[in-house]
Amino acid sequence: MLTIYNNKEYKCFSQPGGWILLLSSEPVDDTWTKCESNNGYIYKKMVRESECEKFYVINCYGCYKGQKIEIIDIENDKVMVIGDSDNHTQEFIDLIFRGKKGRELRKWCDISVFSSFDIRYFYDYEHIEVANNVTIEQVREKVKKMFCLC
């Protein structure tokens with residue numbers, strides 16, 4: 001999830017009791033706590049939910065012959081997709097999931113298998129905006145924003 005706090009966008013996680021955990025790749029001020037991560041350091045800060053302006057989620061999808069699958073990571077010319085096989089044709093399952101069936105499947109596949117990409121923005125759990133036929137670079141930017149630690 002993302003939020004706007006003090007006019008800046010941050011990756012965030014909802015916490016019990018109306019608190020929000022903010023993450024940043026750099027210290028904003030001395031109220032942020034430095035923590036080690038796999039890629040160096042991140043900075044964390046707890047704030048009240050009421051201090052944040054809005055909350056939103058960005059989901060990216062690869063499209064193949066009218067079927068969509070969520071993209072959760074991108075590395076070079078490969079994408080990590082997540083989904084289940086229940087709502088897809090056998091051709092899609094063979095191409096994307098390499099024939100594997102089930103729920104919560106995660107697979108790396110070539111970007112080139114998709115004919116187009118869509119992005120959906122979910123604002124404050126109510127409003128949805130859809131951007132159809134976006135570029136892979138737009139998807140790359142949004143996936144990084146949502147799924148990278150900071």
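If you go through region 50-59 one residue at a time, do you hit one that is touching a residue at least 40 places away in the same chain (Cβ under 8 Å), at positive phi, outside any strand (DSSP E or B) and open to solvent by 70 Å² or more (accessible area, probe 1.4 Å)? No.
For region 93-110, a tally of residues being of a type outside the set (D, E, K, R), exposed (fewer than 14 other Cβ atoms within 10 Å of the Cβ), under 23 Å from the mean Cα position of the chain (by Cα) and part of a loop (DSSP other than H, G, I, E, B) returns 1. Across region 63-92, the qualifying residues are those that are small (Gly, Ala, Ser) and out of contact with any helix residue (DSSP H, G or I) (no Cβ under 7 Å at 6 or more places or on another chain), and the one among them that is surrounded by the most Cβ atoms within 10 Å (Cβ to Cβ) is 83. Taking the criterion of being without any contact (Cβ under 8 Å) to a residue 24 or more places away in the chain and part of a strand (DSSP E or B), the only residue of region 76-92 that qualifies is 83.
Within region 111-150, the only residue that satisfies the criterion of being exposed (fewer than 12 other Cβ atoms within 10 Å of the Cβ), in a strand (DSSP E or B) and among the charged types (D, E, K, R) is 129. Considered as a group, the residues in region 1-46 that are part of a loop (DSSP other than H, G, I, E, B) and farther than 16 Å from residue 148 by Cβ include one that is least open to solvent (accessible area, probe 1.4 Å), and that residue is 32.
In region 114-128, the residues that are closer than 13 Å to residue 56 by Cα and among the small types (Gly, Ala, Ser) never reach a residue that is open to solvent by 30 Å² or more (accessible area, probe 1.4 Å) and part of a strand (DSSP E or B) with C-beta atoms less than 8 angstrom apart, at least six apart or across chains.
The single condition among (1) free of Cβ contacts under 8 Å to residues at least 40 places away in the same chain; (2) in contact with a Gly (Cβ under 7 Å, 6 or more places away or on another chain) that residue 104 does not meet is (2).
The values are calculated or read from the model by the stated rules, or taken from the named source; none is laboratory data. It should be emphasised that the depicted structure is a prediction, and the values quoted were computed from it without experimental measurement. So basically every Cβ, Gly included, is an ideal-geometry build from the backbone, and we count neighbours across all protein chains shown. All accessible areas refer to the heavy atoms of the entire protein, side chains included, with ligands and DNA or RNA removed. Shrake-Rupley method; radii C 1.70, N 1.55, O 1.52, S 1.80 Å.
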